[in-house]
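One structure is given here, and the rest of the page talks about it.
The values are calculated or read from the model by the stated rules, or taken from the named source; none is laboratory data. Here the structure is a predicted model, which means the values were calculated and not measured. Here the Cβ positions follow ideal geometry from the backbone for every residue, glycine too, while neighbour counts run over all protein chains shown.
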Amino acid sequence: MRLKLIIILLISVLLVACSNDKSIQVKKEGIENTTIEQTENETKITKEFVEKNAKIGLSYDEVREIFGTEQYSGIMDRTMTYVYDSTTYKPFTYNQSGDAVASEELKSGKLDYQLYINFFREKAYYFQYYFEGEDGEVWGYQVSSEGEFLTRTTGN
């Protein structure tokens, strides 16, 4: 009994020592991260970063390695979806599990961007990056097996 308690205590100490909420990602070989801004407490994903790193067929783990930990993940439109947004460095609460682009929040500056990554059979197949353009409108940049597209959205 005493041995079990010591083992559990050692495992607990090891787990606590290995976890670190303030860790930052470092550049990984083969990942173009020249346009991602990373500090100890924030990750800003830019359109340029998505253009360079959004690849059809990435696994869940590969997506997390490149884009970091998602702010939300769940089933949307019958598919696993990861959501990334500017709430990591710009605190703001909204319905991240919603299936509509937060156009008003993007236009008002409450959000800088939203990135949706959809998976099929545990592989990324669709990337959607939304941001406010210089014209004050919300734009969407999509990457899919059909190519890359930049379109102006019409709102929710």
Open item on the list: Quick check on this structure: which one of PHE119, PHE92 is touching a strand residue (DSSP E or B) at 6+ places or on another chain (Cβ under 6 Å) and either in a loop (DSSP other than H, G, I, E, B) or touching a residue at least 40 places away in the same chain (Cβ under 8 Å) (or both)?
Closed with: PHE119
TODO: Kindly establish whether ILE75 is aliphatic (A, V, I, L, M) and either in a helix (DSSP H, G or I) or within 20 Å of GLU146 (Cβ to Cβ) (or both).
DONE: no
Task: Set GLY136, GLY140, GLY98: member being in contact (Cβ under 8 Å) with a residue 24 or more places away in the chain and part of a loop (DSSP other than H, G, I, E, B) - done: GLY136
Task: Filter result for THR69 (within 19 Å of PHE127 (Cβ to Cβ) and either modelled with pLDDT under 90 or of a type in the set (Lys, Arg) (or both)) - done: no
